[in-house]
Every structure is written in structure tokens, then in C-alpha cells.
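A.B. asks: To start, I am sharing the structure in question, which I have written as C-alpha cells.
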Amino acid sequence: MENSEPIVSDTQTVDSVRYHKLLSVLDRSLSAVVDTFKLDDLRIVFPDLAREIPGKLADSHEQISSYIRNSANSDFQAILMQYEMSDKLASLDTLVKEAAERMLASEERPIPSLSPESINRNRSAAIKRAELTRLKAQLELVKDENAQHLAELSKQRATLRAEHERLEKTISLVDS
């Protein structure tokens, strides 16, 4: 079984190494699948046709194999175009190349690797700061409420004292 068409169409000219490797993998995968479809297997499935018209069965095998390969190629091309794989992989190639150039030019220093403990400590410190801010705001609200309640309590005590004094005067008047 020979490869019929490449997966990429002639209208696409992509210089991306990753894109060409992707096409190569897709083509090898497709070839592996099509190559498992053997004429002997078709003869086993259709023994009467294999005895009566073996030439037509061989032609049918070739047509079926070609159809599988062509339809899979079309599907692969549609997927590659739908997800804009050529552009994305070309951009990735460019990014990797630029990063390698920057690294060689020592424009960027590599980020030191951080231990999981230090990462968690940094995250937990930020979380604790946010929680502290929230708790401080809540404390201020409680302090304001307490001040209001204390003022109300003072008013009630003053009212009770005045009522108590009035009651004692009334009792002293009744006793005299």
C-alpha cells in the first residue's frame, strides 16, 4: 500500500518544524491504520466473492483503502485548518527561537526554582494578609456597634436612675 496524498495541501507552505512533524505523525498513523486493512481479511469476510470474482475483490480492496486514506486526510486537514494549527505551531516555533536567542544573549535570567514549601508560604501569606484585612474591617464594625450599644445602655441607666429617684420620692411622700 503506497501513500497517496500528503496530509497538507499544496496551497499551504509552512516552515514550522513542529507542523511538519505533526503532519508526519498523522501520515504515519494513517498509514498504519490503512495497512492493517488487508486483502486476506476481506477474503475471509467475503469468501464467496473471493472465489467467484477475485479480481474485483482486489480492486474493491484498493478502492476502500483509498477511500479510507482520502477521507481521513480530508478530516485531518479540516481539523488542522479549524484549529489554525499551522499558524499556532509557527508562532510556537518563533517563541522558542526567540527565547533561545534571549537566553544565549543573557538578556533574561532564569527564574530560580522554588520549592513547594516556599510557593505555599507565599500563597498563604497573601491569603493571611487578605484575611487580616477582612478581620480588621469586621473588628471596626463590631467596635462601632459596641459604642452604639454602650451609648444606648448609658441612656437607659440614666433613665433608670431618674425613674428610681422619682419612685423613691413618691414612696417617701406616701410614707410621710
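The values are calculated or read from the model by the stated rules, or taken from the named source; none is laboratory data. The model shown is predicted, which means the values in this text are computed figures rather than measured ones. Cβ: placed from backbone, ideal geometry, glycine included. Neighbour counts: every protein chain shown. Accessible surface areas use protein heavy atoms only, side chains included; no ligands, DNA or RNA. Shrake-Rupley method; radii C 1.70, N 1.55, O 1.52, S 1.80 Å.
A.B. asks: Do you know which of the residues in the stretch 26-55 that are among the polar types (S, T, N, Q) and open to solvent by less than 80 Å² (accessible area, probe 1.4 Å) is nearest to residue 80 (Cα to Cα)? Break it down stepwise before answering.
C.D. replies: Step one: list which residues in the stretch 26-55 are among the polar types (S, T, N, Q), which gives 29, 31, 36.
Checking which are open to solvent by less than 80 Å² (accessible area, probe 1.4 Å) leaves us with 29, 31.
Values: 29: 15, 31: 18 Å.
Top of the filtered list is 29.
A.B. asks: Please specify each residue of the stretch 10-51 satisfying the condition of being closer than 15 Å to residue 71 by Cβ and either modelled with pLDDT under 90 or over 28 Å from the mean Cα position of the chain (by Cα) (or both). Steps first, please.
C.D. replies: Of the stretch 10-51, the ones closer than 15 Å to residue 71 by Cβ are 26-27, 29-31, 33-34, 37.
Selection gives 27, 30, 31, 33, 34, 37.
A.B. asks: Working only within the stretch 56-96, note down all residues that are open to solvent by 70 Å² or more (accessible area, probe 1.4 Å) and touching a Pro at 6+ places or on another chain (Cβ under 9 Å).
C.D. replies: Of everything in the stretch 56-96, nothing turns out to be open to solvent by 70 Å² or more (accessible area, probe 1.4 Å) and touching a Pro at 6+ places or on another chain (Cβ under 9 Å).
A.B. asks: Inspect all residues belonging to the stretch 97-112 and state whether any of them is under 18 Å from residue 16 (Cα atoms), open to solvent by less than 100 Å² (accessible area, probe 1.4 Å) and among the aliphatic types (A, V, I, L, M).
C.D. replies: yes
A.B. asks: I'd like the full set of residues that are acidic (Asp, Glu) and surrounded by 10 or more Cβ atoms within 10 Å (Cβ to Cβ), limited to the stretch 141-176.
C.D. replies: Just the residues of the stretch 141-176 that are acidic (Asp, Glu), to begin with: 144-145, 152, 163, 165, 168, 175.
Matches in the stretch 141-176: 144, 145, 152, 163, 165, 168.
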